[in-house]
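The values are calculated or read from the model by the stated rules, or taken from the named source; none is laboratory data. Everything numeric in this text was worked out from a predicted model, so none of it was measured. Please note: Cβ atoms are built from the backbone with ideal geometry, for glycine as well, and neighbour counts cover all protein chains shown. Surface accessibility is based on the protein's heavy atoms, side chains included, excluding ligands, DNA and RNA. Shrake-Rupley method; radii C 1.70, N 1.55, O 1.52, S 1.80 Å.
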Amino acid sequence: MTPFLRHFFERIWPVFAVDLRSLAVFRFGLGLLVFFDACGRFGDIGAFYGLDGLLPPSALAGELSGWRWSLHLVNHSTPFQALLILAQALAGLAIAAGLRTRLATLVAWVLAVSLCNRNPLVIGPGDALLCALLFWSLFLPLAGRWSIDATLGEAPPLPARLQSAAAVALTLQVLSPFFFDALHRGGSGDWAGWQRVFALESLERGLAPWLATHPQLLAALSAWSQWLQWLGPLLLMLPLPVVAQRFDLRGILRLLVLPQLALLVLLMLTSTALGLLSWLLLVGLSALIGSGFWEALERRRQLRSPTRLRVFYDDGCAHCRTACRLLIGLLLVDADLLPARSNRRADTLARANDSWVVFDRDDSAHLRGEALLLLIRRSPLLGWIGRWLARPALSAQADRLYMQLAPHHQRWARIGRNRWSSPAAAVRSGRWIVVATVLVLGGNLLGLAGPGNGLLQLLSPPLQLLRLDQRWDWFAPAMLREDAHWLAPGVLGNGTEADVLDPDPADDDIRWRYYEDRLAEPRHRSLLPVWAGRLCDEWNEGRPAGDAERLAEFKLIRVVRPLDARAQPEQRVLLRQQCTAPQ
């Protein structure tokens, strides 16, 4: 490496450094989102992913390029699809807990990509961001702090600040949706983003109706979001120096910019229906929290509890030390773990009571369940219930719980021990991460010129293979020129008119909205009979032939309402469906 490049990287690496404690918060949030997203798909497995669903495998060939792949196509049965989604949910829980984190992240990424490719009609920008965050997480020590893997690992802890190519990739990925959406919006020549969003009845929720009645506030929000999305990511990437220990310019900028980006996402979350995307943006921003924040919390904790707990275990028990380490790690308690023989008083108490021993700040000894309650009260996670746990009646119940858990300490020691669980194993990253990062940034930049760009098509195969192809124009006015929805007026067997889409699942489920919106596109209209047939079957289920309430026929009408007040709404009949009676 030339001296110039070496100097460049020495200046740029600290800008993208991430704190392992922030990565732990990011890991927890990401794992929970993987879990809840997978659980939310169980209700529509048959409709979205089954053999007789809305996108059967025979119709999927036209949606996937040769670089897309999906494990969900190995078997089209509903139980198999449910099994894969269940595995994805369990992988999310493992990521959140930091249990065999790297293996769980790999499983979650493979299944997330596979699920997106199985039915591209029901995915949105949130799915693209989820796949990307899981991919970069494969090369990061997510389990470096506050995880089961780190608690049970024998390797020395990693430094609190991580500087690596994967940290650069994660930072750029988190900031890309804000920055590139601003570029798309700027290219359209129209910055009235919030006014347009709240004019869309299909997107509005929560605070949107109230905000829509305050045009001056919306104008201010548009200007604020404009400059924040433009300048915020750039300010966070400035290679500013640390002038003094308490005057970290980069830390000050993060303290100013990150809360505003989080506030912008919260406003979107409470006002618009963007689904998974808003939550992922919040989780992604948590990974960028600077070390100064955690150091300030640590100083405050030391002022409140200057004395550490001392936990003594039976050093004659091969697995007791591991069980105690796991408990301390899960509760995030600041404690010293020592063998009982190192303290005569602790050794005597442990032998006499067949228990572990915990000494508090006053050097008072706590045994069995009472010691467990003390750790919970000193936990930053559960300390808020400390007063309730101080009740004398709980001590006996805690003793019984301890006696039930103690015989199983050998099982605790076996948790997470394999080569995939080492936090340090994920730090190794190099040229391939740099190549992937350049490809993703190049794809985002070339996407500004439109999807027909020849160079973008050249970069597409590897990006599609890894599901890293992205286009962040989810909030750009170019995408918000009209509001549209479906009508499905029908006629029953007795001649009565009925609304077949009442209620419309797209009103409550964003994936149904993605599906219905894409069916209106010319290249997907060949799938309208599949959807219409399903609407017939759902309405007529349980109604025999000749029933007056059976649906006889209906029309699928696409209603398009331009946001320009001078234009009139347009209605187009895209399908007329006859509902045949069962033979």
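Solvent exposure of segment 481-578 amounts to 57 Å² per residue of accessible area, where only protein heavy atoms count and the probe is 1.4 Å.
Just subtract the alpha-carbon distance of GLN163 and LEU263 from 0.36 nm times their residue separation and send over the number in nm, one decimal.
Working: separation 100, 0.36 × 100 = 36.00 nm, distance 2.74 nm.
33.3 nm is the gain from fully extending GLN163 to LEU263.
Placing a pseudo-label 7 Å from each Cα along the Cα-to-Cβ vector at TRP384 and GLU541 gives an inter-label distance of 4.0 nm. Along segment 284-297 the Karplus relation, 6.51 cos²θ - 1.76 cosθ + 1.60 evaluated at θ = phi - 60°, assigns HN-Hα couplings of x, 5, 4, 5, 9, 4, x, 5, x, 4, 5, 5, 5, 5 Hz to successive residues, with x for each Gly and Pro.
Quote the FRET efficiency, to the nearest 0.05, computed for ASN343 versus LEU297 with a Förster distance R0 of 30 Å and r equal to the Cβ-Cβ distance. Calculated transfer efficiency: 0.50.
Lys and Arg at +1, Asp and Glu at -1: add these up for the other residues within a Cβ distance under 13 Å of LEU349 and post the number.
On the way: positive: ARG310, ARG341, ARG344, ARG345, ARG351, ARG368; negative: ASP314, ASP347, ASP354, ASP363, GLU370.
Every neighbour counted, the sum reads +1.
Spin-label pair PHE36-HIS319: with each label point 7 Å from Cα along the Cα-Cβ axis, the two points sit 3.5 nm from one another. What the phi angles of segment 268-274 give under the Karplus curve with 6.51, -1.76 and 1.60, with θ = phi - 60°, is a coupling list of 5, 5, 8, 10, 9, 9, 9 Hz, glycine and proline written as x.
Amide H contacts under 5 Å for ARG310: ASP336, PHE359, restricted to partners 5 or more places along the chain or on a different chain, H placed in the peptide plane at 1.01 Å from N.
Return one whole number: the accessible area per residue of segment 203-351 in Å², for a 1.4 Å probe. Before the final figure, lay out each step's value.
Working: 7970 Å² over 149 residues.
Value for segment 203-351: 53 Å² per residue.
Test of understanding: what is the full-extension gain from VAL434 to TRP230, defined as 0.36 nm times their sequence separation minus their Cα-Cα distance?
Details: separation 204, 0.36 × 204 = 73.44 nm, distance 2.41 nm.
Taking VAL434 through TRP230 to full extension adds about 71.0 nm, to one decimal.
Simple spin-label estimate for LEU332 and ASP363 gives 3.2 nm between the two label positions (7 Å along the Cα-to-Cβ direction from each Cα).
Using a cut-off of 13 Å between beta-carbons, work out the net charge of the residues near ALA89 (Lys and Arg +1, Asp and Glu -1, ALA89 not included). Intermediate values should be presented prior to the final figure.
Numbers: positive: ARG41; negative: ASP37.
Net charge in that neighbourhood comes out at 0.
Return the FRET efficiency for the residue pair SER526, ALA82: r is the Cβ-Cβ distance, R0 is 35 Å, and the value is rounded to the nearest 0.05.
Values: r = 28 Å, r/R0 = 0.80.
Rounded to the nearest 0.05, the efficiency is 0.80.
For segment 251-320, with all protein chains present and a 1.4 Å probe, just round the carbon and sulfur fraction of the accessible area to a whole percent. Roughly 65 percent, rounded to a whole number. Calculated FRET efficiency, LYS555 to GLN216, Cβ-Cβ distance, R0 = 45 Å: about 0.60 to the nearest 0.05. Computed in the context of the full set of protein chains, the accessible area of segment 481-578 at 1.4 Å probe radius has 46% of its extent on carbon or sulfur.
Segment ARG304..VAL15, full-extension length gain: 100.8 nm, with 0.36 nm per residue of separation and the alpha-carbon distance subtracted. Put simply, when 338-347, 23-32 are sorted by average Cβ atoms within 10 angstrom per residue, most first, you get 23-32, 338-347.
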